[in-house]
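Scroll down for the structure; my scribbles are underneath it.
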Amino acid sequence: MIIAVASDHGGFALKDIVKKHLLERGFKVVDLGTDSEASVDYPVYGKACGEAVASGKADIGIVVCGTGIGISIAANKVKGIRCGLCTSVEMAKLTKQHNNANILALGGRTTAPELAVEIVDAWLDTEFEGGRHERRTAMLDEM
Ligand code: RB5
C-alpha cells in the first residue's frame, strides 16, 4: 500500500508526524511536500495529492493544511477523488464506511497530533461498507 502525503506550511509539522507514523506502520509513503514552514499555496499540494491517487501513483492519500479545509477542497477538484476532512475518530470511520474516502484531510492548526494519529489509524483500519453506499460513491465519481 502506497500512501501519498502532502501539506502546505500550516500542515507541515503534522504531515511530518503522520508520515513517521505511517512509516512505523510499514506503509510506503510518497511525500509530495511541502518541506518547510515557508509559506506556500495549499491548492498546489491538494491537487498534487489528488492527482497522485487518481493516477494510481499512490493508493490513497493524506493532506494537511492549517484547517484541512482548503487542501481538501483542492483535492476534491480532481476527478475520482473523495477527500474527507475529519476532526474525530468517528468521522474517520464514517468517511471510510460510507464515503470510501480515498484521501483523508487533517487540520494542522486545529487537531492535536495525538488525535490526528488516532484519526489516521481509524481511517486506515476501517472498511468500506459497500451496499447502498456504493451507488452514492459512484454518483460522486461521475461528477
Ligand atoms: C494558510 O495560512 C491557511 O490558510 C491554510 O493552511 C488553510 O488553513 C486553508 O484552508
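Across the stretch 17-40, the number of residues qualifying as open to solvent by 50 Å² or more (accessible area, probe 1.4 Å) and either touching a helix residue (DSSP H, G or I) at 6+ places or on another chain (Cβ under 7 Å) or not small (Gly, Ala, Ser) (or both) comes to 10. Name the residue that is most open to solvent (accessible area, probe 1.4 Å), counting only residues in the stretch 87-111 that are within 15 Å of Val63 (Cα to Cα) and out of contact with any strand residue (DSSP E or B) (no Cβ under 6 Å at 6 or more places or on another chain). Restricting to residues being within 15 Å of Val63 (Cα to Cα) and out of contact with any strand residue (DSSP E or B) (no Cβ under 6 Å at 6 or more places or on another chain), the top hit is Arg109.
The set of residues from the stretch 22-54 being within 22 Å of Gly80 (Cβ to Cβ) and small (Gly, Ala, Ser) comprises Gly33, Gly46, Ala48, Gly50, Ala52, Ala54.
Among the residues in the stretch 81-99, are any of a type in the set (Gly, Ala, Ser), more than 16 Å from Asp16 (Cα to Cα), within 16 Å of the ligand (Cβ to nearest atom) and at pLDDT 95 or above? Among the residues of the stretch 81-99, at least one is of a type in the set (Gly, Ala, Ser), more than 16 Å from Asp16 (Cα to Cα), within 16 Å of the ligand (Cβ to nearest atom) and at pLDDT 95 or above, which makes the answer yes. Kindly provide the set of residues from the stretch 51-72 that are more than 14 Å from the ligand (Cβ to nearest atom) and touching a Lys or Arg at 6+ places or on another chain (Cβ under 7 Å), ordered by number. Matches in the stretch 51-72: Ala54 only. Restricting to the stretch 59-78, count the residues that are surrounded by fewer than 24 Cβ atoms within 10 Å (Cβ to Cβ) and of a type in the set (Gly, Ala, Ser). Counting residues in the stretch 59-78 that are surrounded by fewer than 24 Cβ atoms within 10 Å (Cβ to Cβ) and of a type in the set (Gly, Ala, Ser) gives 2.
The values are calculated or read from the model by the stated rules, or taken from the named source; none is laboratory data. For clarity, every value in this text was computed on a predicted model and none was experimentally measured. Cβ: placed from backbone, ideal geometry, glycine included. Neighbour counts: every protein chain shown. What goes into the accessible areas is simple: the full protein's heavy atoms, side chains included, and nothing from ligands, DNA or RNA. Shrake-Rupley method; radii C 1.70, N 1.55, O 1.52, S 1.80 Å.
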